[in-house]
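The values are calculated or read from the model by the stated rules, or taken from the named source; none is laboratory data. No experiment lies behind these values; they were computed from the predicted model shown. Glycine also receives a Cβ, built like all others from the backbone with ideal geometry; neighbour counts cover every protein chain displayed. Side chains are part of the model used for accessible areas, which takes the heavy atoms of the whole protein and leaves out ligands, DNA and RNA. Shrake-Rupley method; radii C 1.70, N 1.55, O 1.52, S 1.80 Å.
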Amino acid sequence: MSDDDPHMSSDDASSGQDPQGHVPDLMDRLVSLCKQRGFVFQSSEIYGGLGSVYDYGPLGVELKRNLREAWWREMVTSREDVEGLETGILMNPEVWVASGHVAGFTDPLVECRNCHRRFREDHLSEEQPDAERGEWQCPVCGVTGEFTEPRQFNLMFRTFMGPVEDEGSVAYLRPETAQGTYVNFRNVQESARQKIPFGVAQTGRSFRNEITPGNFIFRTREFEQMEMQYFVEPGTDDEWLATWRERRMEWLVGLGIREDRLRLHRHGPEELAHYAKEAWDIQYRFPFGWQEFEGIHNRTDFDLASHQEHSGKKLEYFDHEKQERYLPYVIETAIGLDRLFLVVLADAYAEEEVEGDTRTVLRLKPSLAPITAAVFPLVKKDGMPEIAHAIADDLRGRFAVFYDESGSIGRRYRRQDEAGTPFCITVDGQTSEDDTVTVRDRDTLEQVRVPISGLAKHLAAAMGGE
Ligand code: GAP
């Protein structure tokens with residue numbers, strides 16, 4: 001992808017609200033659909049919830065798992081030059097000193113002296129651009145001019161290891177998976193006998209004590225990341241950054257995300273993280289504006305050099321051909337699984353008129369859908385449920401299948417449309433005569449008759465044609 005690509009943007013990342021192209025009130029509708037259909041629930045809901053933590057229900061875990069597996073296939077299984085890794089959420093606290101997170105993973109906070117609520121200074125200044133800090137109005141109590149000077153607030157969650165709760169037993173819940181990869185660089189390289197350039201990928205939970213979480217699962221305090229660190233020879237880093245930027249964008253388009261809702265944003269000097277020489281965001285046009293959901297960073301040798309210095313252990317790579325020893329540079333691709341989940345849902349959500357009725361449909365790419373095929377008997381008699389059960393049992397080993405006999409056939413179709421199920425198989429009166437069933441396509445609403453014996457092939461072909 002070149003710099004004059006239409007996806008490129010160097011605008012400010014937070015370019016305000018632009019719901020055009022999305023169903024009105026999409027976020028409210030998504031939150032409600034997610035709860036009703038079992039995608040996402042508020043954490044500890046019966047106790048009034050917990051600030052910005054969410055649980056994934058039966059359909060949600062499947063969509064999330066499909067996204068995670070698609071990422072893993074793309075980044076690890078289909079490549080010779082990337083290895084997988086899974087490291088602990090808890091690490092030696094020195095890791096976070098070396099990485100710069102103890103000193104620098106902070107947000108500037110101001111407090112309203114009237115209601116004692118705290119806000120991110122940068123958020124208030126974005127929201128009230130024409131006013132000085134001394135004139136800002138508190139978004140909660142409405143009082144003006146009562147904000148304190150900003151104080152740095154560390155976003156890492158602290159806990160204690162072992163029975164004694166003192167400074168010597170402090171541990172942190174990791175705020176990114178990347179550091180677990182850096183400290184294992186030599187372990188992976190030597191055990192997998194990889195040569196530079198090569199990558200190490202991992203998926204897993206990260207935690208950040210965000211001050212202003214929000215927009216449903218967009219910014220939460222507990223979330224899952226899918227990160228890949230690609231170790232390269234210094235001097236080749238610019239080229240590798242461009243390569244990975246292009247590959248990541250292609251993968252997202254391949255997931256079915258609309259291209260006109262995707263763009264790249266290059267970090268200006270004031271946006272760059274402490275470790276980055278160059279960084280790009282992949283942004284999606286959410287109903288609440290353009291926002292980042294994946295980052296591609298040139299982290300140079302910042303992390304390896306720092307861990308080498310703090311641990312006293314050599315982390316250099318020895319290039320046998322060139323007989324040279326050096327610290328590799330790192331190109332990182334980092335995407336939030338929960339944010340990707342929200343992108344995919346927001347992009348797939350549609351409401352449309354069908355035969356005088358409004359239907360809600362999730363046009364998910366079939367391989368991502370939590371249920372691939374739903375199987376229905378047209379009515380609960382004449383042997384139809386037995387045949388439908390037998391079909392569901394037969395397909396279940398190869399596809400995610402759901403059996404449903406309750407309610408009218410129209411209602412059953414609508415429920416599956418809302419779940420994003422690409423195919424509905426119905427056993428009807430003709431089935432007992434010629435062993436065929438109807439297969440309804442979620443998007444075209446077309447129904448074709450298919451022999452029961454050919455169903456698996458039909459579904460596989462329909463899925464493979466993506
Ligand atoms: N290792 C680099 C790193 O962590 P980041 O841009 O801070 O970079 C990477 O995070 C991705 O993790 C983001 O693009 C986003 O998708 C996800 N992410 C970060 N903070 C998040 C939060 N509070 N809630 C949900 N996802 C988050």
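For region 16-74, what are the residues that are within 16 Å of the ligand (Cβ to nearest atom) and among the polar types (S, T, N, Q)?
Answer for region 16-74, where residues must be within 16 Å of the ligand (Cβ to nearest atom) and among the polar types (S, T, N, Q): 42, 43, 52.
Taking the residues in region 158-192 that are of a type outside the set (A, V, I, L, M), touching a Ser or Thr at 6+ places or on another chain (Cβ under 6 Å) and open to solvent by 40 Å² or more (accessible area, probe 1.4 Å) as candidates, determine which candidate is nearest to residue 95 (Cα to Cα).
Filtering first and then ranking leaves 160.
Can you pull out every residue in region 25-41 that is crowded, with 18+ Cβ neighbours inside 10 Å and not hydrophobic (A, V, I, L, M, F, W, C)?
Correct list: 37 only.
Quick one: residue 221 ticks every box in (1) among the charged types (D, E, K, R); (2) open to solvent by less than 40 Å² (accessible area, probe 1.4 Å); (3) farther than 29 Å from residue 422 by Cα except a single one, so which number is it?
Looking at each condition in turn, residue 221 falls short on (2).
What's the number of the condition residue 72 fails, among (1) under 25 Å from residue 247 (Cα atoms); (2) among the hydrophobic types (A, V, I, L, M, F, W, C); (3) open to solvent by less than 60 Å² (accessible area, probe 1.4 Å)?
Unmet for residue 72, out of (1) under 25 Å from residue 247 (Cα atoms); (2) among the hydrophobic types (A, V, I, L, M, F, W, C); (3) open to solvent by less than 60 Å² (accessible area, probe 1.4 Å): (3).
Can you name the condition, by its number, that residue 195 falls short on among (1) touching a Lys or Arg at 6+ places or on another chain (Cβ under 7 Å); (2) open to solvent by 40 Å² or more (accessible area, probe 1.4 Å)?
Among (1) touching a Lys or Arg at 6+ places or on another chain (Cβ under 7 Å); (2) open to solvent by 40 Å² or more (accessible area, probe 1.4 Å), the lone unmet condition for residue 195 is (1).
Please find, within region 433-466, the residue that is farthest from residue 400 (Cα to Cα) out of those that are assigned to a helix (DSSP H, G or I) and among the hydrophobic types (A, V, I, L, M, F, W, C).
So the residue we want is 452.
Can you pull out the residues in region 156-212 that are among the basic types (Lys, Arg) and more than 30 Å from residue 325 (Cβ to Cβ)?
158, 205, 208, listed by residue number.
Considering only strands (runs of 3 or more DSSP E) fully contained in region 119-227, which possess at least 3 residues that are at pLDDT 95 or above and either away from the ligand (no atom under 15 Å from the Cβ) or over 30 Å from residue 285 (Cα atoms) (or both)?
So the answer is 157-160, 170-173.
With a cut-off of at least 1 residues that are without any contact (Cβ under 8 Å) to a residue 12 or more places away in the chain, name the helices (runs of 4 or more DSSP H) lying wholly within region 24-104.
26-37, 58-72, 101-104
Please find, among 463, 384, the residue that is modelled with pLDDT under 95 and in contact with a helix residue (DSSP H, G or I) (Cβ under 8 Å, 6 or more places away or on another chain).
Just one listed residue meets the conditions, 463.
Condition first: surrounded by fewer than 12 Cβ atoms within 10 Å (Cβ to Cβ) and touching a residue at least 12 places away in the same chain (Cβ under 8 Å). Now tell me which residues in region 444-464 satisfy that.
Across region 444-464, the qualifying residue is only 453.
I'm checking my understanding of the structure. Among residues of region 391-424 that are among the small types (Gly, Ala, Ser) and in a helix (DSSP H, G or I), which one is modelled with the lowest pLDDT?
410
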